[in-house]
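What follows is a single structure, written as structure tokens, with notes after it.
The values are calculated or read from the model by the stated rules, or taken from the named source; none is laboratory data. Everything numeric here is computed off the predicted structure, so don't read it as measured data. Note: ideal-geometry Cβ built from the backbone for every residue, glycine included; neighbour counts use all protein chains shown. Ligands, DNA and RNA are excluded from the accessible area calculation, which covers all protein heavy atoms including side chains. Shrake-Rupley method; radii C 1.70, N 1.55, O 1.52, S 1.80 Å.
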Amino acid sequence: MAQLDQVRTALNERTLDLQRLQAEYQNYRRRVERDRVAVREIAVANLLTELLPVLDDIGRAREHGELVGGFKSVAESLETVAAKMGLQQFGKEGEPFDPTIHEALMHSYAPDVTETTCVAILQPGYRIGERTIRPARVAVAEPQPGAQTVKGEGAEENTEADAADDKENGGPEEG
């Protein structure tokens, strides 16, 4: 009987060892697969980053009407391949400025905007999935300093606030 218990104990230990080894191997396989995917994503991002100046040149040629003939089909093929690899262009005039995806190169004030807005796209931004590989380089405009959107109720609130300030400061300011 004692010998049977020893054999069962040894069998349980070997079974646990085997299960541990199998779990380690599964974790190893998952880790290798995850690393392989990460390396591929980095390689694709690096390649596409190197192609951004070429894509910028194609965009400028298109803007100036110089994208014609065989060069046009080559440019479109390159853009199609880049899109298949996950490259997305972003940055549109009129969208709100977001410092996480836009780089402001020029600044101005404009009476027709209510928030900091991209008024010109100097260079489009690019992303792969959720990862921004180049921010959009933009010109931004802010609302005029001191200009307020005047609404019926807002004007009354400002008048009341001015009256409260006058009381605190000893009367209305004279210019």
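Checked against the criterion of being of a type in the set (Asp, Glu), under 47 Å from the mean Cα position of the chain (by Cα), more than 30 Å from Glu79 (Cβ to Cβ) and assigned to a helix (DSSP H, G or I), the candidates Glu13, Glu41, Glu33, Glu50 yield just one match: Glu33.
Every residue, every condition in (1) of a type in the set (D, E, K, R); (2) assigned to a helix (DSSP H, G or I), yes or no:
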| residue | (1), (2) |
| --- | --- |
| Ala83 | no, yes |
| Leu105 | no, no |
| Asp112 | yes, no |
| Cys118 | no, no |
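Checking the stated criteria, Ala82 turns out to be surrounded by 11 or more Cβ atoms within 10 Å (Cβ to Cβ) and under 18 Å from the mean Cα position of the chain (by Cα).
Just one of the listed residues (Thr100, Thr114) is closer than 28 Å to Arg40 by Cα, open to solvent by 60 Å² or more (accessible area, probe 1.4 Å) and at pLDDT below 95, namely Thr100. Counting just the residues of the stretch 33-69 that are open to solvent by 100 Å² or more (accessible area, probe 1.4 Å) and touching a residue at least 12 places away in the same chain (Cβ under 8 Å), which one comes out farthest from Glu130 (Cα to Cα)? It comes out as Arg62. Would you pick out the residues in the stretch 85-97 that are touching a helix residue (DSSP H, G or I) at 6+ places or on another chain (Cβ under 8 Å), open to solvent by less than 40 Å² (accessible area, probe 1.4 Å) and in a loop (DSSP other than H, G, I, E, B)? Selection gives Gly86 alone.
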